[in-house]
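This report concerns only the one structure given below.
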Amino acid sequence: MSTPALTFGQQLAFAGRTLTRGLNETLATQGVDPATWYALITLNTYGPMPVERFREELEQAPESASIEDLGGLVDLSDGVVRLSEAGRGRVATVRAAVQARTDRLLAQFDSADVETTRRVLQTLAGPTP
C-alpha cells in the first residue's frame with residue numbers, strides 16, 4: 001500500500017504533530033508541562049511585557065498557563081511580567097535539552113535543506129510581535 005501524496009498544509013500539520021510530540025517528550029523528562037514551557041519561552045523570547053499582552057500571548061498556546069500557575073518562575077510588578085532568576089535558570093536548562101533533541105533530529109538532513117526550511121518557515125510565521 002502506497003502513502004498518499006499530502007498537501008502542503010497536511011505536511012505542515014503532520015510535521016508539527018511529530019515535532020510537538022518530541023518536544024513534549026523532552027519537556028516531560030525535564031518535569032515541565034507544555035503550557036509552562038510556552039509561557040517561559042515567550043517571556044524569554046520577547047522579554048518583559050505588560051500583563052495583558054502576556055495573557056494574550058498565553059491564549060495563543062494550545063495549552064495555556066496562567067500567571068498564577070507559574071509560581072516563582074516569573075515576577076509581576078507594576079503591571080509587567082518578567083522571568084525571575086529561577087525562571088531564567090529553568091529556561092536555560094530546558095532549552096539545552098530541547099536543543100540537543102533538535103540537533104539530533106536535524107543531523108539527518110543536509111544543512112542547506114535545513115536552512116532553506118528555516119527561511120521558509122520564518123517567512124510563513126511572519127514578524128514577531
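Mind checking which residues of region 80-128 are open to solvent by less than 90 Å² (accessible area, probe 1.4 Å), touching a residue at least 40 places away in the same chain (Cβ under 8 Å) and of a type outside the set (V, I, T)?
Within region 80-128, L83, G87, R90, A97, R101, L105 meet the criteria.
May I ask you to list the residues in region 1-50 that are surrounded by 14 or more Cβ atoms within 10 Å (Cβ to Cβ), β-branched (V, I, T) and assigned to a helix (DSSP H, G or I)?
T26, T36, I41, T42
Would a scan of region 56-71 turn up a residue that is open to solvent by 50 Å² or more (accessible area, probe 1.4 Å), assigned to a helix (DSSP H, G or I) and at pLDDT 95 or above?
no
The values are calculated or read from the model by the stated rules, or taken from the named source; none is laboratory data. In this text, all values refer to a predicted model and were calculated from it rather than measured experimentally. Here the Cβ is made from the backbone with ideal geometry for all residues, glycine too, and neighbour counts use every protein chain on show. Just the protein is used for accessible areas: all its heavy atoms, side chains included, with ligands, DNA and RNA removed. Shrake-Rupley method; radii C 1.70, N 1.55, O 1.52, S 1.80 Å.
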